[in-house]
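A.B. asks: Structure provided below as structure tokens; questions to follow.
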Amino acid sequence: MPDTNYHFDTLKIRAAYDPAQHSQAVSPPIYQTASYEFRDTKNADGLFALTEAGFLYSRVNNPTVDVLERRVAALGGGSGAIALGSGMAAISYTILTLAEKGGRILTSPYLYGGSSDAFRRIFPNFNIHFDHSPNIDDVTALEKDIKPDTKAIFVESVSNPTGAVADLEALANLAHKHGIPLVVDNTFATPYLLNPIKYGADIVVYSATKALNGHGNVIAGLIVESGRFPWDNGKFPQLEHTEYVLRDRATGRERNFLEAAPDAPFVTRVRLTYLNYFGAALGPFDAYLALIGIETLSERLDKQVSNAKKIVAWLEKNPHAAWVKYAGIPSNPYYKLAQKYLPRGVPGIFSFGFNGTVEQSEAFLDAIELWSYHVNVGDARSLIVNSPKTTHGELTPEELKAADIEPNLIRLSLGLEDAEDLIADLDQAFKKVFGE
Ligand SMILES: *Cc1c(COP(=O)(O)O)cnc(C)c1O
């Protein structure tokens, strides 16, 4: 199928839902129910053993959430997906599943503040350690950072907040050479601007709170699985062990996740263990809102990309911006990778250096009127934030330096307003601060 906007929108976004089965309702109904009536004892047996498809209990699965999972899997070319109560739950459950009983994850210094904090300060308590390699942009040098107990490579396709673009194909080849999966946080790009599975990623995680939903009204996350990783290579016994709960009740034979869910063993393991027992379930109403948001994904991102280009061009010529980091400009070190991986455009989230003191940059933020000052991204509203003090405020000065976050960094996330209005607002705020 050609990779066009038409197919992206209409076929995949409408996937996984048959109105004929739901009173011909064109929008997926909100199944606001905790549990589901079993038809009979045989049906109950089959549902528990995963030998029959259906719904059990809304902590584990729900028909509205199921449509969201299937659509996001379809958009990214995955074999299965699981929706969770937040992007952080998607990341944490992925890491716990991959490095169960301990191990290392090879990652980048360029990460979302919440991921960075969790990786440095929480996961080590579970015997899971992260190597934030400075070699992440150079696969040849990176190879020596893979240790015998490294369980995965984890990167953001376009990083928060500096917009570093990961060389996914090279990273996937390296990971696969060592029998480990490539995990990609694709929150900024969304499947519309970049499909990591196409370049070899095995697991893709999303904060659907951001551009996927795009309306700042839901906290949600997803894990999508490619269906291609050989989990039976001996490094992931947690997927190979037979489980009493997965025994086929007709034959009594115990099965493992690869046998019980051959298309999507990873997300099924997440569902039946971490979601089931740790419980960061997404509610059906939030899933419904995310589904509505996704219907306009391509239109919103096209507008955000075109707005970003205009703001970047204006800031580049503005003496109050010391620098602009946007992989869509030829002088950016990630420009070539962006040309390869982001042909539809570089996500409209980027940063610039405020050319002035910290006090002046705070006065600038206080003078802003149209842009919204808060810590979301990918929203329909245009957002502005001083990342070193907010989204990345938990990082030490050394960690900020390694993450390439300078003290004067201001992050912008383009929304759907008119670019000229957004520029006029930045302009009046600069003028107020510098008395022009
Ligand atoms: C926001 C964000 C997350 C965390 O998602 P929540 O839905 O807020 O839990 C993870 N990764 C990136 C890149 C993000 O921007």
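A.B. asks: Take D40, D149, D302, D137 and order them by how many other Cβ atoms sit within 10 Å, fewest up front.
C.D. replies: D40, D149, D302, D137
A.B. asks: Taking the Cα centre of segment 280-429 as origin and charging only Cβ (+1 Lys, Arg; -1 Asp, Glu), how large is the dipole, in debye to the nearest 20?
C.D. replies: Here the size comes out at about 720 debye.
A.B. asks: Continuing with the same structure: Pick from L315, L171, L47: which is most flexible by mean-square fluctuation in a GNM of the chain where alpha carbon atoms under 10 Å apart are linked?
C.D. replies: For the chain, modelled as a Gaussian network with Cα springs under 10 Å, the answer is L47.
A.B. asks: Still on this structure, please answer the following. Using alpha carbon coordinates only, what is the Rg to Rh ratio of the chain, with Rh defined as the Kirkwood radius?
C.D. replies: Result for the chain is an Rg/Rh of 0.99.
A.B. asks: Moving on. Counting only DSSP beta bridges with both residues in the chain, what percent are antiparallel, rounded to the nearest 5?
C.D. replies: Beta bridges within the chain, antiparallel portion: roughly 60 percent.
A.B. asks: Which distance in Å, rounded to a whole number, links the C-alpha centroids of segment 143-203 and segment 229-293?
C.D. replies: Here the two parts' Cα centres lie 22 Å apart.
A.B. asks: Specify the residue with the greatest mean-square fluctuation among G356, G80, G221, computed from a Gaussian network of the chain linking alpha-carbon atoms under 10 Å apart.
C.D. replies: Evaluated over the chain, the most mobile residue of the options is G356.
A.B. asks: Taking amide H positions as placed in the peptide plane 1.01 Å from N, state which residues far from R104 in sequence (5 or more) or on other chains have amide H under 5 Å from it.
C.D. replies: The list, which skips near neighbours in sequence, is H129, T150, K151.
A.B. asks: Per residue of segment 181-196, in order, report the coupling 6.51 cos²θ - 1.76 cosθ + 1.60 (Karplus, θ = phi - 60°) as ³J(HN,Hα) in whole Hz, putting x for Gly and Pro.
C.D. replies: x, 9, 10, 10, 7, 10, 4, 5, 7, 6, x, 6, 8, 7, 10, x
A.B. asks: Ranked highest first by average number of other Cβ atoms within 10 Å, how do 15-24, 246-255, 200-209 line up? All intermediate terms of the calculation are to be shown ahead of the outcome.
C.D. replies: Values: 15-24: 11.7, 246-255: 13.9, 200-209: 27.9.
Ranking, from highest mean packing down: 200-209, 246-255, 15-24.
A.B. asks: Just in segment 53-155: which trypsin sites (Lys or Arg not before Pro) are loop by DSSP and have at most 14 other Cβ atoms within 10 Å?
C.D. replies: Here the trypsin sites (Lys or Arg not before Pro) that fit, given the DSSP loop and packing criteria, are K101.
A.B. asks: Now for a separate question. Given a 10 angstrom Cα cut-off, can you work out which residue in V324, V183, V245 is the most mobile in a GNM of the chain?
C.D. replies: V245
A.B. asks: Just to compare against my own numbers: the Cα pair-distance distribution for segment 36-293, 5 Å bins, whole % per bin, please.
C.D. replies: The percentages, shortest bin first, are 1, 6, 14, 18, 20, 17, 12, 7, 4, 1, 0, 0.
A.B. asks: With an 8 Å Cα cut-off and a minimum separation of 6 or more residues, compute the relative contact order for the chain in percent.
C.D. replies: Working: 850 pairs, mean separation 74.8, N = 436.
Dividing the mean separation by the residue count of the chain yields 17 percent.
A.B. asks: Around R255, which amide H atoms from residues at least 5 apart in sequence, or from another chain, sit under 5 Å from its own amide H, with H modelled in the peptide plane?
C.D. replies: Amide H to amide H, under 5 Å and 5 or more residues apart or across chains, R255 pairs with E243, L246, R247, D248.
A.B. asks: Any idea what angle helix 419-434 forms with the longest principal axis of the chain, computed on alpha-carbon atoms, 0 to 90 degrees, nearest 10?
C.D. replies: Orientation of helix 419-434: about 50 degrees from the principal axis.
A.B. asks: Packing-wise, with mean Cβ within 10 Å as the measure, how do 90-98, 380-388, 416-424 rank, highest first?
C.D. replies: 90-98, 380-388, 416-424
A.B. asks: Report, in deg cm²/dmol and to the nearest 500, the calculated mean residue ellipticity at 222 nm for the chain, where each DSSP H run with n ≥ 4 adds -39500 (n - 2.57) and the sum is divided by the residue count.
C.D. replies: -9000 deg cm²/dmol
A.B. asks: Between helix 284-294 and the chain, what is the angle of the helix's C-alpha long axis to the longest principal axis, kept within 0 to 90° and rounded to the nearest 10?
C.D. replies: Roughly 50 degrees, rounded to the nearest 10.
A.B. asks: Mind grabbing the base-10 log of I(q)/I(0) for segment 213-352 at q = 0.13, 0.16 Å⁻¹? Debye formula, identical points on the C-alpha positions, no solvent, two decimal places.
C.D. replies: -0.84, -0.97
A.B. asks: Output wanted: per-residue J couplings in Hz (rounded whole) for segment 305-311, from phi through Karplus 6.51 cos²θ - 1.76 cosθ + 1.60, θ = phi - 60°, x for Gly and Pro.
C.D. replies: Karplus-based 3J(HN,Hα) across segment 305-311 equals 5, 5, 4, 4, 4, 5, 5 Hz.
A.B. asks: Would you please give the residues with an amide H less than 5 Å from that of H132, counting only those at least 5 places away or on a separate chain, with H modeled from the backbone geometry?
C.D. replies: Placed amide hydrogens put T107 under 5 Å from H132.
A.B. asks: Compute the relative contact order of segment 297-434 as a whole-number percentage, counting only Cα pairs closer than 8 Å that sit 6 or more residues apart in sequence. Spell out each step's value before the answer.
C.D. replies: Details: 211 pairs, mean separation 40.8, N = 138.
RCO, segment 297-434: 30 percent.
A.B. asks: With contacts defined as alpha carbon pairs under 8 Å and 6 or more residues apart, what's the relative contact order of segment 36-293 in percent?
C.D. replies: With pairs under 8 Å counted, the relative contact order is 26 percent.
Read the figures in this text as sums done on the coordinates, not as results from a lab. Since we're looking at a predicted model, the values are computed, not measured. Because the Cβ atoms are built from the backbone with ideal geometry, glycine has one as well, and the counts that use them run over all protein chains shown.
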